[in-house]
Structure formats: C-alpha cells, structure tokens
Amino acid sequence: LKPFWLQRQRHTVAWLVVHSHNFLSQASMASPQEGCTQPAPLTVQEESQRCAKENFHRICAELVVETGAAAQAALGEVAVKAVQHMKSNRPVPKYFAGTPLSLEVVKAIDEAALPCEEGDAELDEEMVGTQVAQLFGDFFHLCAALKARPGEPVTAEDANFDTERFDRLLDVAPAEALDSSLEVLGVLVDAILSQGCDELVASPAKLRGVLLMFGHRSLQDPTNFEILKKLLQLASRLHAVPSARDTLVRWYSIVPLEVLENHLVQANQLVTLSLIEAQFACECSNTTSVEVGMEIAKYENCAWHVRDALRFMDILFQANRQRQARNLDWRTIRKAQRLQRQGEKLEDESLKFLPFAQFHNDAINECEGILKHDLKEILDMQHAGKPFPNPEEELRKDFGIIECAFVLTAVSKVRMLSIELLLMQREEVRAAMVMQATLSGARTSPFLVLKVRRNAIMEDTLQQLALYDAQAYKKPLKVVFDGEEALDEGGVKKEFFQLLVEELFKEDVGMFERIEESRNIWFNKNSVEANRQFELFGTLLGLAIYNEVILDVKFPPALYKRLMLGDDAQLGLSDLMQFKYSLSQGLIALLEHEDEANFEEMFGPLSFAVDYECFGGPRAQAELIEDGANVTVTHANRDEYVQRYCDWIFKKSVERQFAAFQTGFNQCIRNTLFRQLFQHDELELVICGSMELDFETLEETTKYQDGFTKTSDPVRWFWEVVHALDEQEKRSLLRFCTGCDRAPVGGLGQLPFIISRAGQDSEMLPSVHTCFNHLLLPDYGSKEKLEQRLRLAIQHSTGFGLM
C-alpha cells in the first residue's frame, strides 16, 4: 500500500500545483470540526485529493501566520511555498481548520474593531457578532487578526497585538454573540489539548492565539469556568516549557496593565470559588486541620485545577516583576526626572505594575488546612527523595502553593515556615531524647543552649556555637545570661540578639562600615576580622528567623537580593542608587555624556581601577580588569567600566566577608523551604520586621486580664499617653514591652499583647513579661502619674530577673 499511496500523493501534489490558485480564491466559513468528514462516499483518488487539499490549506495558513502576510495578493507566493512543503513531506501543521483561507475575513474583523468616525453609521451588532464568532472559532483568525502592525510577523519579544481594537470589538458585540463564541472557543481549546502543544511552544506566531483566548470577556463569568479551566490547563502545559513561558512573560510585561490585571482577576477568582465550593461541599467546619486540606484537594480534582490557575498566575507574576524592574531602573528614573523638569510626566504603559498584594488569594490564606496539606505533601516528597516540584504531574496531590508562593501573604509565609521549623525542631528534640535514653550516661539537650556574659557576648557565642554542628541550629534556642536568674521564655533571647547585633556593628570591631547618606550598613572591605565572625553573623540571621526574633539591622536591598539569589543576582547601577546615591549620580553623568570629543577632558584621566581608603592610611587601588590601571575609560567602553565598578562594590571588594556570612546563613536554612517561600525583597521584612507602627490597630487587638477592661480608667489613660508619644518614644515603648522596636510581619495587629492589672495604686513602675508581650500596669489614680511612671520604666528597661 505504501508505494501506491506515495504514487497517489505525487499525483495529488501535481494536481494541486495546477489548481492551488482556485482553492485560495474560494472563501469558506467552514468551522474546524468540519474539516475531513464528508457524508458522501468518495473514491480513493477523491479521498486522496480531499485530504491533500486540507493539508494544503493548513500549510498555507501556517505560512501566512508565520510570515505575517496581510495582502490577498501575497497568497500566490504562499501557495507556491505550500506546494514545495508538501513535496518535501514536511509534517502537516495542526490546529488550523483545513478550509480555504480568506484574508477578507481577517480584514473584516480588523475593520469591525476600528473606532467610528463622526458621521459614520452605527456598527451592525449582528455583523460584529459574526466577526467575534469567526475570531474565536478559527485558530487562524486568532493568530492573524487584530495586529498592531499588519503585515509584520509576531516575535518572541512582541505579540503585535492591538489590545485597544480587541477591546472595542468585544465592547460592541452583543451578549449572545459572546456566549456562542465562547462555546466554539471551548471546542478549539479541546482540540489543541488533544493534539498537544508542541507547535505552540515552537512558534510565537501560534502562541499569540492563546493570548487572545484569555481576553474573552465571558471567561470572567463563573458560569463559564469550565471553559476557563480548560484554557488554564493549556496555560499550565505551556508554563512547563521555558521558551513558551518566557515568551508569554515578555508579552504580558508590555501589554496595557489593564490586560494583565483582568487576566489575573479571572484566574484568581476561579481559585477562590473553586476552594469555597470544595469547602462547602466537604462540610469543612474546622479549616485548620490537614485532613480538611486533603478533602478539599480531592473534591472534583480541585487541587489540579488550582495548580493550573496558579501556574498561569505565575506567568503574570513574573511579567509584573519585569514591569517593576523597568520602573525602578535608573534610566527610567532619570527620564522621569528630565520630563518633570520640563513640566511633563513620563507616560509608558509598560512601566506600570500591580501591587503584589493583588496576587494574594484570600481563600488560600484563610484556610490553614490547605497550607498544612501542601506543606505535608512537599515534606513527604522530600523525605522520599523526590524532586520538588514533582515532574510526574499525575502523582501530585498538592495545590502548588509553595511552587507559586506569591499567592501567600507575608503572614501566611511566616506561618508555613513556622510550622515547618516546628516540625524540624520537634524532630531534633525527639532525637535528642532518644539518644539520651539509649546511651547510658549521655546527656543531650533538646535545646540549643547558650550561656553568655554580657561583657563578652561575641566571644562566648562564637566559642559555644563552634561546639555544635549545623543540625543543632534547628533546635529551639535558649539563652542564659551569666549571673541573671531569668528563665528564657522568649524575652531573654530577644535581648541576646539585640546585644549581639550591637556588638557586631560597633565601629571598633571593624566588621562593618556605615554608609551615612543611606543609613545602611555594609561589609568593611578593610576588615581583618576572621571569617568566623562573619559566619557568626550569618548564623545569627538564620537563628533569628528560626526563633521568630526581629533584628535591628539596616542592610541595603542588594544584600538580600544576593543572599537569596546567590551568583544569579544581577546587581548594577539601579541597586547602587539605593545604597550610595552620590556615587551613582557620578556614574550616571558619565553614561549620559553625549559629546565623545571632550569625554576624557570631562572625566579623565580615568582608568579601570578604583582608589579607596585603607585603614586611614595611604589609599589603596583595586583593578577592575587585568592591568586595569593602564586601561583608559573612554566613551566607547564606559558601560563596561560602570558595570565592573558596581560588581566590585557589591561582590569583589567584599568577597571573603560575604562568602563567610552566606555560609553561616545557609547552614541554618539549608534543607528548608525558605527560598521557595520568600522573595528576596521579603527577606528584609522577615528579618527586620516592619518600620510602620500602627498603635491604633494594636489597641483594637489588645486583651485585658486581672480586672482590667478596655473601659478601665488606667487602660484609657495608657492609650491616650501612647498615641501622644512621638515616633521615637513609641519605638522605645514597643522595645520595653516586647524586646523589639519593630512590628512583626503583618504589622502590630499580629502582635499578641496583654495588659493586666498589677495591684492597686502604688509607686511601683509598670513591668513586663517580654517573653509573652505582657504589660503589668498598676491601677494608678491619675493619668499624670501613669505617664510619669511609664516613662521612668521605659528608661530603665535593661536586664532580666525572676518575678
């Protein structure tokens, strides 16, 4: 049969060469499913010719889409190329209908979306409805219509998509037409899913059709979520292919922000309603148990559908990240400054980005059972030695929350991290107790216990941490100050961290330098301290995260970016602006200088070397490239000079210090989900807490004990005094009550705060259990006395004792 079929195919191709012009001139409105099925029986030759014609039309459609051909006259050349393709036995493209092409239909869709000029007749809604049905019912039309620049091809950088005309077309279309077009869109998506996505990922011109599919207005209606689920399944498959994912990210990073926002809203809404429906169907009364998460995940493949939606949202999230990066780029900032001086404003749609809080999903964040379920699934995979995320999609039971952690608020991320660390700490405690029971005479503490002297806190900490391996850092920390009787229920270790940070930051220690203009701390490139001290500081940050202690450290954002991303961190002039502004302005002036002729006169003599102070003595020199002192900076190589200068500041000049610091930090967070959960710009919030102090929110959430209520006179006076304090006084009060002058992640509303009545009116000062954020307030007889005693207590708040 094979030689017979090849002979028939050669005959058919020859026949197509003769008749191809006639095929292309025939307009057909056949739908995709009308392709190869004919009711009347055909001869073998007729069947061969019919299939050859359909293949010919599919190849023509692909050629038009890939080349961007927009004129009817170009179809003759397309036909010749199509025949050549058939002769070479190349695979026939999928997705296209196999019916005769008509660029007139594409033209009609484009014209229906044009704005009406004054005096024009109103658009015929029925005609527009027809164009909408043709747009969404034929993959060729989705790829070829509504181009911003007709005749130009689609690229991986630009979808060539006229979003304004697309919106205008859907605005005019009647509701019935939108509903019917959505049905045919569902059929088209089913066909693509069944045939596979290989051609979509290989061709930006075809991938463009998916961008238009998500713009269908009716997808926002919950009654149409079954079709949206199919489309999200398609997006999930594309997300798995880096080239396709990156192309969609780039496209979404330049479309009008409203497009990105609308597509995000419909995906986020599907996640919310799917989870609420599953909770209601499963009759979940206790939403905090892991069993609830398991039931929700199994309900009508809920976990699968949520995972698909989150992956599409990840594409939008990465696009939003790119928009934010462009907005914060030094070139954008300078351009905006120049326009502002001229009384103008920078208007660029691609520079706008969404607040990242819009990616959070309330249904996920408010159901602890879902968080616990995903955490359990991920930890089980890790214990079984399986990769994360599991490439075997059908075996996954999780919702994909940790894979797409942007849906979580900072509070939820900290809660998940706390649960993971609690499980790890329990395992350490259990292992310690088992060892103590099985090994006679062996005494192993279930805690990481540090006994330190206040006047030698750094030396004692270094010596004692050296006795432990990294696994011991996961035990709960207990601190004992030599000569003090306090039991560490949290408050002692808070002060321990505070004192140790202050010691490490002292100028006479020489580990760090203070950058006055940004009030940041940075590694001292001249430091002679041993690597162990810098490693200690990294360990200190990790231990603080484990033990949920907020630290008073002021590093620039570049440090957190490098700490989380490692060598992948791209640090440059935009980062330097947030760190050393004056230096960055000088480098920007060098880059913006236009006159090449007087460049060296303006900035020279300048070489690829940096002079810097060294211990207050003679200035030292560091070369940015090999023999850099003898390489002159010119107008042509200035970009390289600036980048190497930034690289020297952030990396090479402090490589030894940072490497030791990173080693200490990684020892603590290794084998945890920390890097999966947090973005680099969230790390500062987790370590340092929030600088925003909302005492009104704290007042609303405070609880009262031992006879006090919110209407008690001392309580009312206390809050009146607090709200009248200045910013620094409020920080001192917060430090007195909690051991830290910053708010936890989520703000002061997340701080459990208690005020108790501490006896009758007396001369006693207010006191606190900082371990529990518990203020003991005597029942003072006047507001003036309360304020005087409170201020005095705050001023003498160092040290611990048993009460």
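The values are calculated or read from the model by the stated rules, or taken from the named source; none is laboratory data. Everything quoted here is computed from the prediction, not taken from an experiment. Cβ coordinates were reconstructed from backbone atoms using ideal geometry, including for glycine residues, and neighbour counts include every protein chain displayed. Ligands, DNA and RNA are stripped out before the accessible areas are found, and what is left, the full protein with its side chains, is counted by its heavy atoms. Shrake-Rupley method; radii C 1.70, N 1.55, O 1.52, S 1.80 Å.
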Which entries in the list 206/230; 376/474; 710/785; 730/785; 494/783 go over 21 Å, if you measure between the two C-alpha atoms of each?
-> 494/783
Proximal aspartates and glutamates to residue 81, defined as alpha-carbon separation beneath 16 angstrom and excluding residues fewer than eight positions away on the same chain = 54, 62, 66
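Which entries of 413/493; 506/652; 554/580 show an alpha-carbon separation above 18 angstrom in the structure shown? If you can, show how the numbers build up before the last one.
Details: 413/493 23 Å; 506/652 24 Å; 554/580 14 Å.
Correct reply: 413/493; 506/652.
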Using a cut-off of 19 Å between alpha-carbon atoms, which lysines can reach residue 335, once sequence neighbours fewer than 8 places away in the same chain are excluded?
-> 345, 352
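Which order, highest average first, do 371-377, 593-599 follow once you tally other Cβ atoms within 10 Å for each residue and take the mean per peptide? Don't skip to the answer; put the middle values down first.
Working: 371-377: 22.4, 593-599: 10.7.
Ranked by mean Cβ neighbours within 10 Å, highest first: 371-377, 593-599.
Antiparallel as a % of all DSSP beta bridges within the chain, to the nearest 5?
Numbers: 14 of 26 bridges.
So the antiparallel bridges amount to about 55 percent of the total.
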Compute the length gained on full extension between residue 336 and residue 675: take 0.36 nm times their separation in residues and subtract their Cα-Cα distance, giving the result in nm to one decimal.
-> 118.6 nm
Given 231-239, 126-134, the highest-first ranking by average Cβ count within 10 Å works out to 231-239, 126-134
With a sphere of radius 12 Å drawn around the Cβ of residue 182, what net charge do the other residues whose Cβ falls strictly inside it have (Lys, Arg +1; Asp, Glu -1)?
-> -3
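Please give me the summed charge of the neighbours of residue 294: other residues whose Cβ is under 10 Å from its Cβ, Lys and Arg +1, Asp and Glu -1. Mind showing how you got there, number by number?
Details: positive: 298, 372, 376, 397; negative: 291, 295, 377.
Combined, the nearby Lys, Arg, Asp and Glu give +1.
Percent relative contact order of the chain, based on C-alpha pairs within less than 8 angstrom and at least six residues apart?
Values: 1083 pairs, mean separation 61.6, N = 803.
Answer for the chain is 8 percent.
Rounded to a whole number, what % of the accessible area of the chain do carbon and sulfur atoms account for, probe 1.4 Å?
Numbers: 19370 of 38210 Å².
Result for the chain: 51 percent of the exposed heavy-atom area is carbon or sulfur.
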So, with points 7 Å from each Cα along the Cβ direction, the residue 191-residue 706 label distance in nm works out to 7.7 nm
Between segment 124-143 and segment 531-610, how many Å separate their Cα centres?
-> 53 Å
Where does the chain land at 222 nm, in deg cm²/dmol rounded to the nearest 500, when only DSSP H runs of n ≥ 4 count, each adding -39500 (n - 2.57), divided by all residues?
-> -17500 deg cm²/dmol
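Among residues other than residue 65 whose Cβ falls under 14 Å from its Cβ, what is the net charge (Lys/Arg +1, Asp/Glu -1)?
Local net charge: +1.
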At most 16 other Cβ atoms within 10 Å and a DSSP loop assignment: could you name the GluC sites (Glu not before Pro) in segment 673-735 that fit?
-> 692
